[in-house]
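Chemist: Here it is, the structure, as structure tokens.
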Amino acid sequence: MKTCKHCGSTFNPCRPLQSVCSPICASRLVKASKKAEIQTTRARREAIKTIPQLIREAQFAFNAYIRARDREKPCICCGQPLELSAVGGGYDCGHYRSTGSASHLRFDEDNAHGQRKVCNRYGAGRAVDYRIGLIARIGLERVEALETNNQVGKWTADRLRAIKAEYRAKLKELEKAAA
């Protein structure tokens, strides 16, 4: 008598290397081992991600949250309504101070707002109009705090993973509240 590796019941094997009691247990054991293999592979891939990869993933989650947060608001610089139905989405998460010049502010919610693609991509961000809209939305004091913030920071893998998780959770809450 042997013990089934999947369900734990005892059985009389028909073949010398038989380790499960039935074909059903065999298929379930294979599925469970594949699932475990997928989880270990996923964990290994996550462990070897570079800082730029993690920044990209965190930025994607942050931008999705900002676009959802500002869905009902007008464009920060031109005041026109944000278009939801355009191909590829009608608006971006535009940053007042760009992620290239002020990377320490890339995940600052005061620095990022819904912006029409025409304004963000083809209008070079429209910084003057963005500032006017930003003052109206968050106030002069907070805008000046953004403009004078020149801290130098270094992103760590753990911090980027936490940012990604935080903004995914915030996005879920927003979507749940909207539904």
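Bear in mind these aren't lab numbers, they're just calculated from the coordinates by the rules spelled out. Source: prediction; values computed, not measured. Methodologically, a virtual Cβ is constructed for each residue, glycine included, from the backbone with ideal geometry; neighbour enumeration extends over all protein chains shown.
Chemist: [x] 1, 9, 17, 21, 22, 15, 9, 4, 1, 0; [y] 1, 7, 12, 14, 13, 11, 8, 5, 5, 5, 5, 4, 4, 3, 2, 1, 0; [z] 1, 7, 15, 18, 18, 16, 12, 7, 3, 1, 1, 0, 0: which one is P(r) over Cα pairs in 5 Å bins from 0, in percent as calculated from this entry?
Modeler: Here P(r) over Cα pairs in 5 Å bins from 0, in percent agrees with entry [y].
Chemist: Which residue, I51, I66, I24, has the most motion in a Gaussian network model of the chain that connects Cα atoms within less than 10 Å?
Modeler: Taking springs between Cα atoms under 10 Å, the residue moving most is I24.
Chemist: Starting from the amide H of H6, placed 1.01 Å from N in the peptide plane, find each other amide H under 5 Å away whose residue is 5 or more places distant or on another chain.
Modeler: C21
Chemist: Sorting check: for 7-17, 89-99, which peptide has the highest mean count of neighbouring beta carbons within 10 Å, and how do the rest follow?
Modeler: Ranked by mean Cβ neighbours within 10 Å, highest first: 89-99, 7-17.
Chemist: Work out, step by step, the length gained on full extension between L17 and A127: first 0.36 nm times the residue separation, then minus their alpha carbon distance; give nm to one decimal.
Modeler: On the way: separation 110, 0.36 × 110 = 39.60 nm, distance 7.16 nm.
Gain on extension, L17 to A127, equals 32.4 nm.
Chemist: Would you calculate the separation in nanometres between label points at E141 and K35, each defined as 7 Å from the Cα along the Cα-to-beta-carbon direction?
Modeler: Each label point is offset 7 Å from its Cα along the Cβ direction, giving 5.3 nm.
Chemist: Please compute the modelled spin-label separation between L174 and R161, points set 7 Å along Cα→Cβ, answer in nm with one decimal.
Modeler: Once both label points are built, they end up 2.5 nm from each other.
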